[in-house]
Structure formats: C-alpha cells, structure tokens
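K.L.:
Below you will find the structure I want to go over with you.
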Amino acid sequence: MAEDSDTSASLLAQVELLKAENDRLRDRLHRSERRKHTRATAALAIAGVSGLVGSVFFPFAGELLIALGATGVFGAILVVYLTPERFVSSSVSEGLYRSIESDRRSILAQLDVRGMPIYLPVETATGAEVRLFVPQHVEYAIPDEEYLDTAFVTTPNELSRGVTFDPTGTTLLEELRRSVPGGLTSDPEGLARQLGDGLVETFELVDSAETDADDHRLSIVVAGSAHGAVDRLDHPVASLVGTTVADTLNRPVTIEVESRERDEYLITARWE
C-alpha cells in the first residue's frame, strides 16, 4: 500500500513538473512573437513618419511621400490591433501535446488502467466542467462527482475506480463558445456543424471536416490534422469533440477514432 502511495506521489510530481515546463515554453514563445510584432510595428511607424516628414522637405515628391507615409502609419496601427494575443506554431503545440500524451500513457500503464476514456460533465462551484475519466477496468461504472476532482479515483466500488485528467479540449471549448453567435446548440446535427466549422475555421486544427449526427451519435470525418495522428489519447481534435458534446448535451460521452486513408480520421462521439 505504501508502495502504491509512493508511486502515485511520484507520478503527480512528474505531472506538475511537466505542467511547469509547458507554461515556461509557452511564455518564452509568446515573448519571442511579441518582440517580432513590436519590431514590425516600429519599422512601419518609422517609415510612415519619415514619409510624412519627407513630403515637407521634398515637395516635388510630396504626393508619393504622403501616400507612403500614410500607408506606413496605417500598417503600424493594423499590426497593433490585429496582432493575435498569442501565436503558437503547430510543431510546438504538437510537441507539447506529445509530451502530455506520453506521460498520461505512462501513468495509465503503471497503474494498469485499461478502460475506454469517457468525457464526463461535472458541476463545480465555477460552473459546468468536463473531466476525462479512464476506468481501471474494461467493465466499469461511472463514479459519483465527488470523486472526480482528484487525479486518482478510489471509490468503494471497484468498478468506478480509475484516473481523471483535464481534457486538452477544455480551453478550446471556451474559445468555441465565444466564437459561435448565439452559442452552441443542443441539437446534435447543428452541434456537429458548429464543431466542424470550429475545427476548420476557428482553430485551423484540420483542413476539412464532414459531419453527421443522430440522437445518440455525432460523427466527424477530418483530414489534414495540424497535430499529427488523431487516434491518440485525448488528441486536441477528438478532445474538443468529446468535451463539447459532453458539456453541451450534459451526457457522458465516449470517443472512437478510426484511421482512414489520405490522412483522414473518423471521430465518433456516442452517448446514452
């Protein structure tokens, strides 16, 4: 028993270290991108002001210099207001996800957790959230919410034991909510279309998405994933689908991902 406790503590420590490293890398990349945009803004502003000043001293080229100056100043303003708050290249975010997935796989393997991952909606003091629950056994029972706020779920009922994680799709879901006029719909077909548009247009996580749904199933065929193979544990694309469906429909959701030809993947969300 003490050995299991030591193992759990060690795994938790590794997870915390990984989170800290991920935060450090994101901050470093953010600072680098901000410096690039600052330099671009300064260069455009200097060119613009120089053109306007030059039009005073070189009246024979006044119209041209005024036009160039106005373009430079306007360009600087656009860079300031249209620069994204954050920019992360797909290779960097793929590397971050790969590290998280590797650690999660190691945790599941060491604890002999073998069940199918389930996205569970839970009520918290700050509002509805979703947890990714991986049952210890193939045959399982969904644990009560009171057990879902810790990484290691140890309930009196052995079939309800397992591991929980924060889904990688949680932040994406928040952004998707803000980007959809009128909010996300609880109609499965409409929700599937909103997810497809979000994956392609809002987040550019995939090149294309074809959707289909009924009362107990939602399917999306995606192609051209920006973060590699979609059929991995809690992949951002599949995680956004599972997290969104679980939260919007308020149902436990299982996700199946089938690899196809030409970099295509069939993602199927099921609920009762």
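K.L.:
Test residue 98 against the criterion of being part of a helix (DSSP H, G or I), modelled with pLDDT under 90 and within 25 Å of the chain's Cα centre (by Cα), and give yes or no.
P.N.:
When the stated conditions are applied, residue 98 passes them.
K.L.:
I've got another one for you. Please go through the range 146-174 and pick out each residue that is surrounded by 13 or more Cβ atoms within 10 Å (Cβ to Cβ), within 24 Å of the chain's Cα centre (by Cα), part of a helix (DSSP H, G or I) and not β-branched (Val, Ile, Thr). Can you show your working first?
P.N.:
Initially, the range 146-174 is screened for residues surrounded by 13 or more Cβ atoms within 10 Å (Cβ to Cβ), giving 147-148, 151-155, 159-173.
This time we only want the ones that are within 24 Å of the chain's Cα centre (by Cα), so: 148, 151-152, 162-173.
With the extra rule that they be part of a helix (DSSP H, G or I), the set shrinks to 170-173.
Within the range 146-174, 172, 173 qualify.
K.L.:
How about the range 175-200: which of its residues are without any contact (Cβ under 8 Å) to a residue 40 or more places away in the chain, among the small types (Gly, Ala, Ser) and under 17 Å from residue 246 (Cβ atoms)?
P.N.:
183, 190, 192, listed by residue number.
K.L.:
Output yes when any residue across the range 240-255 is surrounded by fewer than 22 Cβ atoms within 10 Å (Cβ to Cβ), over 20 Å from residue 176 (Cα atoms) and without any contact (Cβ under 8 Å) to a residue 60 or more places away in the chain, and no when none is.
P.N.:
No, that holds for no residue.
K.L.:
Something else about it: Does the range 256-269 hold any residues that are under 25 Å from residue 183 (Cβ atoms) and in contact with a helix residue (DSSP H, G or I) (Cβ under 8 Å, 6 or more places away or on another chain), and which are they?
P.N.:
Of the range 256-269, the ones under 25 Å from residue 183 (Cβ atoms) are 267-269.
267, 269, listed by residue number.
K.L.:
Only residues that are touching a His at 6+ places or on another chain (Cβ under 8 Å) and closer than 19 Å to residue 254 by Cβ: list them for the range 111-160, please. Let's see the steps before the verdict.
P.N.:
Of the residues in the range 111-160, the ones touching a His at 6+ places or on another chain (Cβ under 8 Å) are 114-115, 158-159.
Result: 114, 115, 159.
The values are calculated or read from the model by the stated rules, or taken from the named source; none is laboratory data. All figures in this text were calculated on a predicted structure; none of them were measured in a lab. Quick reminder, even Gly has a Cβ in these numbers, built from the backbone with ideal geometry, and neighbours come from all protein chains shown.
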